[in-house]
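Asks: Quick one: this structure, given as structure tokens, is what I'll be asking you about.
The values are calculated or read from the model by the stated rules, or taken from the named source; none is laboratory data. Model, not experiment: these values are computed from the prediction. Quick reminder, even Gly has a Cβ in these numbers, built from the backbone with ideal geometry, and neighbours come from all protein chains shown.
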Amino acid sequence: MEKSNKLIIFGLILGVSLIAASVIVARTFLDVRKLDNTVVVSGSAKKEVTADSARWTGNFSRTVTKEQMKEGYNQMKADEKIVNNFLIAQGFTAEQIEISPVFMSEMYNYRNNETVKEYNLTQNVSIKSDDVYKMKELAKNSDKLAEQGVLFFANSVEYYYSELPEVRVSLLPEAIKDAKARAEAIAASSGKKVDAIKSVSMGVVQVMTAGAIEISDYGLYDTSSIEKEVMVTVKANFNLK
């Protein structure tokens, strides 16, 4: 009799355990189905913009020996006057023109079987303006300084767009809309429909030359062109039904 009772109790425990296990398995299966019932897609939106500010830099220099130092500084003073007059003639104001003091660095050149110590005298030039097309013309005309005897080295003009934060915000809804369209295409192929958005995160912003296709995982800001294209990307997670 005691043995029979033990068998009954064991049977009950085993039965309860099997039921509990089946509930756990069913719940786990349900959770897995819920996790699978989403789709993660990327979306993007673009807008063409025109740069509204520019920066142009360059420098002019002279190389002299120790004995020529005084003459070298006099030449730099004359060069500075030529550069300043040239920039004003191009339509820029004194407030827009920034010319640094003279920087001196030592140089060692090997000539006639001996090392000659010389000095490089350099002044940097920087101009900022909201007239991007005038800045473009300035860069093209900078070679005229060489005609006046100035050893001038010009960098490329850098073009910027000041309303990038506003454009980035305005493009977000379009990027999410693009992501939803992609999600709907994926869902339709499996006989499902897109439900509410579960989560969304913004990617890096790309500021490219208009028509360019090159992008960077870390974001891009092209400064070489006046006409630009701003692209915003998002990663969105949608529930399916």
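Asks: Does segment 186-205 include one or more residues that are of a type in the set (D, E), part of a strand (DSSP E or B) and within 16 Å of the chain's Cα centre (by Cα)?
Replies: No, there is no match, as no residue in segment 186-205 is of a type in the set (D, E), part of a strand (DSSP E or B) and within 16 Å of the chain's Cα centre (by Cα).
Asks: Being of a type outside the set (D, E) and closer than 14 Å to T57 by Cβ is the filter; apply it to segment 146-166 and report the residue that is nearest to the chain's Cα centre (by Cα).
Replies: Applying the filter and picking the extreme gives Y160.
Asks: Return the residue satisfying two criteria in turn: it lies in segment 88-133 and is of a type in the set (S, T, Y) and farther than 22 Å from Y160 by Cβ, and of such residues it is modelled with the highest pLDDT.
Replies: Taking the candidates together, the pick is T122.
Asks: Name the single residue, out of those in segment 107-130 being without any contact (Cβ under 8 Å) to a residue 24 or more places away in the chain and of a type outside the set (F, W, Y), that is surrounded by the most Cβ atoms within 10 Å (Cβ to Cβ).
Replies: Residue satisfying both the conditions and the ranking: N109.
Asks: State all residues of segment 131-161 that are assigned to a helix (DSSP H, G or I) and either touching a residue at least 12 places away in the same chain (Cβ under 8 Å) or within 30 Å of E48 (Cβ to Cβ) (or both); if no residue qualifies, say none.
Replies: Within segment 131-161, V132, Y133, K134, M135, K136, E137, L138, A139, K140, N141, K144, L145 meet the criteria.
Asks: Anything in segment 189-212 that is exposed (fewer than 13 other Cβ atoms within 10 Å of the Cβ) and of a type in the set (A, V, I, L, M)? List them, or say none.
Replies: The answer is A196, and nothing else.
Asks: State all residues of segment 213-241 that are loosely packed, with under 15 Cβ neighbours inside 10 Å and basic (K, R); if no residue qualifies, say none.
Replies: Once the filter is applied, which keeps residues that are loosely packed, with under 15 Cβ neighbours inside 10 Å and basic (K, R), segment 213-241 yields only K241.
Asks: Kindly state which strands (runs of 3 or more DSSP E) lie completely within segment 36-121 and contain at least 2 residues that are closer than 30 Å to I197 by Cα.
Replies: It comes to 38-50.
Asks: Return yes or no: is S216 over 24 Å from V167 (Cβ atoms), out of contact with any Phe, Trp or Tyr (no Cβ under 9 Å at 6 or more places or on another chain) and assigned to a loop (DSSP other than H, G, I, E, B)?
Replies: Answer is no for this residue.
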